[in-house]
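Take a look at the structure below.
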Amino acid sequence: MRAAPPIGGSIGSWAWRAWLPLWLCAAALAGCRPAPPRAPTVGIGRGERKEAVVERYLALGDSYTIGEGVAAPERFPEQLCAALRQGGRKLDAPRIVARTGWTTDELAAAIAADPPLGTFDFVTLLIGVNDQYQRRAPEDYRPRFRSLLRQAIGFAGGDARRVIVVSIPDWCVTPFAAAQGRADEGARIDAFNAVNRAEAAAVGAAYADVTAISRRAAADRSLLAADGLHPSGKMYALWIAAILSVVPPQ
């Protein structure tokens with residue numbers, strides 16, 4: 001016959017049964033502890049959306065940029081932003097540094113007095129009509145424009161491809177010019193635009209030519225504001241297609 005086993009079984013079995021209730025209690029308590037926080041996932045997973053970057057736009061200029069004679073939503077920087085938003089891009093309100101009557105000198109002084117802060121995703125520069133109006137020579141305009149263009153590139157983070165030079169419109173086709181006896185100065189506008197186009201090309205900046213569009217006002221007065229000199233919102237809307245074609249990608 002085999003010897004009967006000890007009462008209650010072996011020592012190992014007895015120890016297991018003795019500790020089992022304590023082990024189950026500890027396990028239950030451990031299950032109540034909050035899970036440690038998960039490390040953030042790097043990258044975009046399935047079903048997640050990458051939030052669009054809000055772009056910043058700086059517009060430098062004179063009356064054509066501030067929109068003399070039109071409501072704020074009709075001026076070209078605002079219409080440009082609206083068109084880009086319709087295309088799915090997110091933009092802050094444009095930062096506009098411009099005033100009616102400013103020459104290249106006055107724009108430069110305004111920038112020096114209150115420089116735009118930070119880096120902008122793109123910049124437009126439209127300046128020079130008042131230099132021409134004051135009968136300055138195109139070659140006097142060149143170094144002043146070049147300096148402003150250099151600053152515009154700096155505001156665009158040093159990337160000239162993110163700067164758009166906009167040509168000077170031809171105000172000489174307007175009733176205002178006729179009343180002043182200056183309707184024959186279109187060739188001088190072209191000479192100033194030859195300077196800003198060449199300077200833009202030299203540094204690799206984009207160029208938007210709106211001068212031909214402005215000359216349509218000779219036959220269509222609805223393209224002019226009530227002052228008979230500045231563009232209407234309708235003309236600015238025509239500019240947008242020309243400018244949009246050279247806006248840098250996001």
Does region 54-244 classify as rounded, prolate or oblate by the C-alpha gyration tensor (a ≥ b ≥ c root eigenvalues; a/c under 1.5 gives rounded; else a/b over b/c gives prolate, otherwise oblate)? oblate
Normalised by the residues of region 119-250, what does the relative contact order come to in percent, with Cα pairs under 8 Å and at least six apart? 28
Along the charge dipole of region 54-244, Cβ charges K/R +1 and D/E -1, which of Leu224, Cys172, Ala206 sits furthest on the positive end? Ala206
If I model a spin label as a point 7 Å beyond the Cα along the Cα-Cβ vector, how far apart are those points for Ala112 and Ala93 in nm? 2.9
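In what sequence, highest mean first, do 62-72, 158-168 appear when ranked by Cβ atoms within 10 angstrom?
158-168, 62-72
Throughout, read-outs are computed from the coordinates displayed, never taken from laboratory work. In this text the structure is predicted, and so the values were computed from the model without any measurement. Reconstructed Cβ throughout: ideal geometry from the backbone, glycine too, with neighbour counts over all protein chains shown.
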